[in-house]
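Engineer: Once you've had a glance at the structure underneath, I'll fire off some questions.
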Amino acid sequence: MPWSPGVRQYGVLKDFFDSLWSSPKEINTGHSLGTPSSFTSSDTIAMQESQQNTPGTATYYYPVVGRKNTGAVYDRIHITDMEKSYPYQFSLFILSYSAIQGVRDTSLGITLPDIELPAASYFEIAGIHGKPYREYAGDRKTPKERVADYDENNPKDTLPTPSRFGGYCNHGSVSFPTWHRPYMMLIEQVVGNVADRIAANIEKQYPAEVGKWVPQAQQLRFPFWDWADPATNAQGLPAVLYEDTVVITLPGGQTATVQNPIAYYTFQEGFPYDFADVYNSSTGQTAYYSKWTRTYRHAPSTPQGGTDISGVQTAIESQASHLSSGIGLLFAFPDGMDPAIAYDEFSNEVTESKRQEDYFNSGSLEALHGIIHGTIGGNGDMTDPDYAAFDPIFFFHHSNVDRLIALWEWCYPNYWMGDGYVDAGVSYTWTQQRGTFGQVYNEQILPNGARGNLYPFRNDNGTYWTSDQCRFLDANAYPKYYSYPEFQGVKVDQTATDAERAAGRARIAKYYGFDPQQAATQVDTEAWSHLPVPSPTDAGLPQTFQAIKNYRVFVVLVQLPENAFNTSYHFELHQTSGSQTLIGTVTVFTRPDYSPCTACALRREMNTVVRGVITLPPSLLNDIIVSGAGGGNATLETTTEAIAQSLTGKLLDPSRQVVSTAQGGTRAPTVPPNQTSPPNIVPSGVTLFSAAVAEKTDDKTYPVQLYDWQKHNSLFTSGWQHQVKPAS
């Protein structure tokens, strides 16, 4: 049968893939894999001799090389900029993204290519992130690789279902940023290769168009959506990311309205056997993944599904300020941290390297990324890691995540996972559970070598990508063939001096809303004067730094049990003085306990705790401090208690239904025993922290340094009150 992207009748597919990975011969895919001469120049499955197999037997894989065939580096650009200013690239992108999803509009007068390889279909690429739990079609393992982690006592290895495959999960790990980089390169490569062929067809069909399309196809890179941009995020989701149709440019300057492949993905011919509904026992809400024929956002709890775009917009707009300040805080890591510990805290929301009370409290990129998953998804695909990548917006989200990684590693080139970390003079290795098909459980994570392999992404020589290869986008880095536009004076593919990097991170932090120097000029400094601000030199900072007087930064560290609800869920922090105002969110982005993901199962056994950091707005703090100044009798303790009393916590299910609430402060009434929430769902900790701020005396553009971190109140000591009846 010819390959149709999205074909998912499992029994047929199992036979198909078994035959696909047999000895070299012409496979019934509409495309011969038998000899190199039958490969296309753009979509190629590499072929190399395997010593583990019978001599003469070839191993096939789809190499992740990005846009190597263009021979140059071009920028990924914002999707709204592409739509507005790059009409040829935008048209090629829409047509190509549609094509790999199995949608081909034959009415446009353009010859559209078929997707000839399973590894290049949208379903196959999206399935890497979760379901269906089988190996990616572009990664053929040798028999020796297949038995590398066999355990006769593990049902995963001995029962027919789930199959002997634990997924490719790299969440809650120092490899979270690096694993997603070749993943984005893969989708960029596939879309770009199809765009090359479409552009060539156009110029062949329409001689007057020669020179207009092919160069634009060569420059095409996967666009991003900057969900934290304070200049745009309050406007919600851009129309191009949700409207059912878009307008594209055609040869001769004509335009056409076509189906928008970014708005949703339609499963072409059914589902694999392991697509299952996800039921929330706390609220009775269900995500009907086994019945929805397309992806949805903020879907109702019905088998018919649907997208509530107004719900999406409201959720995004409510998160705008917190997302911006959260990204800004990521660029406030101080000078001189242990490189591995700094990278651990930045890279993931679990954090292996330190005791809970030792966090620097700048938050993590993974935690902020999870908010977008929950905000976009609601009771829909983006909320569940097993289904999230099927929503086409997933890759625009992760393109921006990769952009933020590129900015951060440019600013902090020495902060890196390395071979592990040191605490109190003792060396420790990274051991987050990985649980993928080719890996031994609880093995050490290294940035290179066999223990640094980022499955299932292979280089063109057949080896797997490693975290070391994923670092950096400059000319000295392992080639990736993309970059990002200049941002706040930072071009991530250019080298820089230490001074330039420091100035760049200060500008980025301020752009995203973390600017203590400016905030300190806008508060009532007399009312703040009781807050302790010790000498920076006493805290070990150089003598060139001086304290910002009468000012401290306050954050809330939120620690949540990863599997409290057996699905993704949210913690929200609200201001309760006057009308309730959302301050910030921490989202737990997780799979249910019946997901075949081995890494998630092992984290569940370890009772993993997810952490997130919420910055308290200076304006809110100023209102609290001024109103509670106490005629000069205020202390740090009375101030932190006043802050706590002004806050409310909420736990929400994926559909944003409130499950449990808590009032802050020691004066809040104790929740009656018959109204308390089950202990397994309440946060592990919600704690107020503060830090003093120092600035460089001879260079106010240098990044501020946060120091004198102090742990204050546990905010919700009076208990959590259940707000819903247990589902029957």
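Only the coordinates and a few stated rules stand behind these numbers; no lab work does. Bear in mind that the values here come from a model prediction, so they are computed numbers and not experimental data. Cβ sites come from the backbone with ideal geometry, for glycine too, and all protein chains shown count toward neighbours.
Engineer: For the range 516-728, with the dipole built from +1 on Lys and Arg beta-carbon atoms and -1 on Asp and Glu ones, taken about the Cα centre, which of Ser627, Ser577, Pro532 lies farthest toward the positive end?
Structural biologist: Looking along the dipole axis, the top candidate is Ser577.
Engineer: Another question, if that's okay. Give me Rg over Rh for the range 202-341, both radii from the alpha carbons and Rh done the Kirkwood way, two decimal places.
Structural biologist: We get a ratio of 1.09 for the range 202-341.
Engineer: Follow-up question, since we're still on this one. Mind pulling up the Rg/Rh value for the range 516-728? Radius of gyration and Kirkwood radius, both on Cα.
Structural biologist: 1.04
Engineer: Please give the charge dipole size of the range 551-697, origin at the Cα centre, charges +1 on K and R Cβ atoms and -1 on D and E Cβ atoms. Round to the nearest 20 debye.
Structural biologist: 160 debye
Engineer: Taking the Cα centre of the range 646-728 as origin, work out the dipole magnitude from +1 charges on Lys and Arg Cβ and -1 charges on Asp and Glu Cβ, in debye rounded to 20.
Structural biologist: Here the range 646-728 has a charge dipole of around 400 debye.
Engineer: Using every pair of alpha-carbon atoms in the range 314-409, split the distances into 5 Å bins beginning at 0 and state the percent of pairs per bin, rounded to integers.
Structural biologist: Pairs per bin, as whole percents: 2, 12, 22, 22, 19, 13, 7, 2, 0.
Engineer: Further question on the same structure: Restricting to Cα pairs below 8 Å that are 6+ residues apart, what does the relative contact order work out to for the range 173-286? Please round to a whole percent.
Structural biologist: With pairs under 8 Å counted, the relative contact order is 15 percent.
Engineer: Could you list His722, His298 in order of exposure, starting from the residue whose Cβ has the fewest other Cβ atoms within 10 Å?
Structural biologist: Listing His722, His298 from fewest to most nearby Cβ atoms yields His722, His298.
Engineer: In a solvent-free Debye calculation with one equal scatterer on each Cα, what is log10 I(q)/I(0) for the range 539-641 at q = 0.11, 0.15, 0.22 Å⁻¹, listed in the order of the q values?
Structural biologist: Taking Cα atoms of the range 539-641 as identical point scatterers yields -0.57, -0.81, -1.14.
Engineer: Please quote Rg/Rh for the range 231-299 to two decimal places, taking the Kirkwood radius as Rh and restricting both calculations to Cα atoms.
Structural biologist: A ratio of 1.13.
Engineer: Please give the peptides 586-596, 658-668 ranked by average Cβ packing (other Cβ atoms within 10 Å per residue), highest first, as a rough proxy for protection.
Structural biologist: In descending order of packing, they fall as 586-596, 658-668.
Engineer: Using mean Cβ contacts within 10 Å as the protection proxy, how do 570-576, 267-273, 557-563, 672-678 order, highest first?
Structural biologist: With the highest mean Cβ count within 10 Å placed first, the list reads 557-563, 570-576, 267-273, 672-678.
Engineer: Within the range 516-728, what is the number of lysine pairs with alpha carbons under 26 Å apart, leaving out pairs fewer than eight places apart on the same chain?
Structural biologist: 6
Engineer: Give the dimensionless ratio obtained when the Cα radius of gyration of the range 479-575 is divided by 2.2 N^0.38 Å.
Structural biologist: For the range 479-575, the normalised Cα radius of gyration comes out at 1.56.
Engineer: Students often check this: by mean Cβ neighbours within 10 Å, which of 710-721, 175-186 ranks highest, and how do the rest follow?
Structural biologist: Ranked by mean Cβ neighbours within 10 Å, highest first: 175-186, 710-721.
Engineer: Once phi is turned into θ = phi - 60°, what whole-Hz ³J(HN,Hα) does the Karplus curve with 6.51, -1.76 and 1.60 give for every residue of the range 404-421, x standing for Gly and Pro?
Structural biologist: 5, 4, 4, 5, 5, 6, 5, 6, 10, x, 9, 8, 7, 4, x, 8, x, 9
Engineer: Taking the Cα centre of the range 473-611 as the origin and placing charges on Cβ (Lys, Arg +1; Asp, Glu -1), which of Tyr484, Val586, Ala547 is farthest toward the positive end of the dipole?
Structural biologist: The Cα lying farthest towards the positive end belongs to Tyr484.
Engineer: Continuing with the same structure: Which whole-Hz couplings ³J(HN,Hα) result when phi for each residue of the range 497-508 is put into the Karplus expression 6.51 cos²θ - 1.76 cosθ + 1.60, θ = phi - 60°, listed in order with x for Gly and Pro?
Structural biologist: Ordered by residue, 3J(HN,Hα) equals 7, 4, 5, 5, 5, 4, 5, x, 5, 5, 5, 5 Hz.
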